[in-house]
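To keep things clear, I will list the structure first and then write my remarks on it.
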Amino acid sequence: MMARLLEKYRNEVLPAMRKEFGRDNVHSLPRLEKICLNMGVGKAIDDSKMLEEAVKVMSTVAGQAAVVTKARVSVSNFRLRQGYKIGCRVTLRGNTMWEFFDRLVAAAIPRIRDFRGVSKKAFDKAGNYSLGVEEITVFPEVDADRLAYPFGMDVTFVIKNSRGREESQKFLKMMGMPFAE
């Protein structure tokens, strides 16, 4: 079964972008390649159970297993040694990516307290968009009562064939991303 947002992309957004950008080739239009989720758990150096819970929560939110990340360099001020486990990450592609994007836009973002829209300034030069979620409890899959530690995470939308920030922003706006006015 096809994801709801993938169907919207193919049936509504692609024709609208072809018309707006003036390109006939659909492969030259912006499209979502992958979504990268990252959670840094710096206090995991002292408490290994915190990292285990972070991996479990991120796997629940993402719908696939999270991978533990290790420190690449040693930083003496943070009591950090190379190879210490300090976070977790997930890269979503295909149907899982579209399902996560749908849950993020339709269920999680509207649950953020005092939400007025996501920033338009978080695009890089290539047109990729990054977003920080301060409380992972905005996702309906996460039970806030069972969560022992507060977690946040970074979400990066990697957009392929974008010719800059403006095209990526228009693409995400058409897909339903609630940008601040």
Subject >> Residues satisfying the stated conditions in segment 5-41, i.e. at pLDDT below 90, touching a helix residue (DSSP H, G or I) at 6+ places or on another chain (Cβ under 6 Å) and within 30 Å of T60 (Cα to Cα) >> reply: V41
**OP:** Report, by residue number, each residue of segment 86-109 that is among the hydrophobic types (A, V, I, L, M, F, W, C) and in a strand (DSSP E or B).
**Re:** I86, C88, V90, L92
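Being assigned to a loop (DSSP other than H, G, I, E, B), touching a residue at least 24 places away in the same chain (Cβ under 8 Å) and buried (at least 17 other Cβ atoms within 10 Å of the Cβ) is the filter here, so list the residues in segment 133-160 that pass it. Before the answer, list the steps.
First pass over segment 133-160, keeping only residues assigned to a loop (DSSP other than H, G, I, E, B): 134-135, 139-152.
Now drop any that are not touching a residue at least 24 places away in the same chain (Cβ under 8 Å), which leaves 139-142, 147-149, 151-152.
Selection gives F139, V142, F151.
Could you pull out the residue among G127, G83 that is in a loop (DSSP other than H, G, I, E, B) and surrounded by 15 or more Cβ atoms within 10 Å (Cβ to Cβ)? Can you show your working first?
Working: G83 fails: surrounded by 15 or more Cβ atoms within 10 Å (Cβ to Cβ).
So the residue among G127, G83 that is in a loop (DSSP other than H, G, I, E, B) and surrounded by 15 or more Cβ atoms within 10 Å (Cβ to Cβ) is G127.
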**OP:** Consider only pairs whose beta carbons are under 7 Å apart and that are at least six residues apart or on different chains; among these, list those whose first residue lies in segment 67-83 and is in contact (Cβ under 8 Å) with a residue 12 or more places away in the chain and whose second residue is assigned to a strand (DSSP E or B) and basic (K, R).
**Re:** V67/R89; V68/K85; T69/R89; K70/K85; G83/K70
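So that you can scan it fast, the table gives a plain yes or no per residue for (1) on the phi < 0 side of the Ramachandran plot; (2) in contact with a Leu (Cβ under 7 Å, 6 or more places away or on another chain); (3) of a type in the set (V, I, T):
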position: A71; (1), (2), (3): yes, yes, no
position: Q82; (1), (2), (3): yes, no, no
position: T91; (1), (2), (3): yes, no, yes
position: G94; (1), (2), (3): no, no, no
position: R103; (1), (2), (3): yes, no, no
position: A106; (1), (2), (3): yes, no, no
**OP:** Please list, ordered by first then second residue, the pairs with beta carbon atoms under 6 Å, 6 or more apart or interchain, first in segment 34-61 and in a strand (DSSP E or B), second charged (D, E, K, R) and buried (at least 16 other Cβ atoms within 10 Å of the Cβ).
**Re:** N38/R89
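The values are calculated or read from the model by the stated rules, or taken from the named source; none is laboratory data. As the structure is a computational prediction, the values presented were derived from the model and not from experiment. Using ideal geometry, Cβ is built from the backbone for each residue, glycine included, and neighbour counts are taken over all protein chains shown.
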